[in-house]
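Down below is the structure, laid out as structure tokens.
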Amino acid sequence: MLTVLAGLGLGLSLIVAIGAQNVFVLRQGIRREHVLAVVLICALSDAALIAAGVAGLGFVLSAAPWLVVVARWAGALFLLTYGILAARRAWRGGEELDADGTNAALPGPPAADGSTTTLTGTRLAPVILTTLALTWLNPHVYLDTVLMLGSIAATHGDERWLFAAGAIAASLLWFTALGFGARYLGRWLRTPRSWRILDAVIAVIMISIAISLVLPVLGG
């Protein structure tokens, strides 16, 4: 049990941070849009990476550091693109959350005749692809789950898989709480102005993370 709790504690300490993946999960939770799919993808991806680290994939990444460099550039490019799109949404506006939380669709900007339009939700496929990209193109996820958790799990000897189980449980608990708990923030996001502010914050975070990914490479 102590080994499981150790994995749970370390897993939460690595996952609970402001990052591209968490910001995206939060946004989908607030929109109440494909939340279950996003949570499952994030949790199952972490589980696969943690298991790979415990199984010894960390040694492969240590022997081939260029794989992490490739992930840095690919992830930075994706995050930069996502950040620019978020900045564009912040500039143009138009999103608004249904005040009573009963309608999954989002009201859009008023039409020319003054009537209310409806902003339909994003389709499932693009959401899945974005979630996969934010997870698997993030080099930090390999450093945290595969290398760090894998290395620490190895110190627990025969109980290393119990440690991994704790870390996997931490990931599942966090993403479930973040995704399904985010809807309670909806009361503060009922106006287009609130969504423009949120998208502006998302744009700053995504672009900042993209820059931070490539700075170590550019700096040598």
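The values are calculated or read from the model by the stated rules, or taken from the named source; none is laboratory data. Not measured: the values here are computed from a predicted model. Methodologically, a virtual Cβ is constructed for each residue, glycine included, from the backbone with ideal geometry; neighbour enumeration extends over all protein chains shown.
Could you tell me whether segment 179-193 includes any residue that is within 22 Å of the chain's Cα centre (by Cα), surrounded by 17 or more Cβ atoms within 10 Å (Cβ to Cβ) and at pLDDT below 80? Checked against the condition, which is being within 22 Å of the chain's Cα centre (by Cα), surrounded by 17 or more Cβ atoms within 10 Å (Cβ to Cβ) and at pLDDT below 80, segment 179-193 yields at least one hit.
For segment 71-104, a residue qualifies if it is of a type outside the set (D, E, K, R), at pLDDT below 80 and surrounded by fewer than 13 Cβ atoms within 10 Å (Cβ to Cβ), and the qualifying residues are 102, 103, 104.
All conditions but one from (1) farther than 30 Å from residue 191 by Cβ; (2) polar (S, T, N, Q); (3) at pLDDT below 85 apply to residue 171; the one that does not is (3). Scanning segment 158-194 for residues being over 30 Å from residue 8 (Cα atoms) and touching a Lys or Arg at 6+ places or on another chain (Cβ under 8 Å) gives a total of 0.
Return the residue satisfying two criteria in turn: it lies in segment 124-168 and is surrounded by fewer than 20 Cβ atoms within 10 Å (Cβ to Cβ) and in contact with a His (Cβ under 9 Å, 6 or more places away or on another chain), and of such residues it is modelled with the highest pLDDT. Among them, the one singled out is 128.
If the condition is being among the hydroxyl-bearing types (Ser, Thr, Tyr) and under 26 Å from residue 149 (Cα atoms), then segment 163-188 contributes 171, 176.
When you scan segment 137-220 for helices (runs of 4 or more DSSP H) that lie fully inside it, which ones turn up with 3 or more residues that are more than 24 Å from residue 87 (Cβ to Cβ)? It would help to see each step written out before you state the result.
Details: elements: 150-154, 160-181, 192-218.
Counting at least 3 such residues, we get 150-154, 160-181.
Could you grab me the full set of residues in segment 158-182 that are of a type outside the set (A, V, I, L, M, F, W, C) and in contact with a helix residue (DSSP H, G or I) (Cβ under 6 Å, 6 or more places away or on another chain)? Before the answer, list the steps.
Taking segment 158-182 and keeping what is of a type outside the set (A, V, I, L, M, F, W, C), we get 158-160, 166, 171, 176, 179, 181.
Within segment 158-182, 159, 160, 166, 171, 176, 179 meet the criteria.
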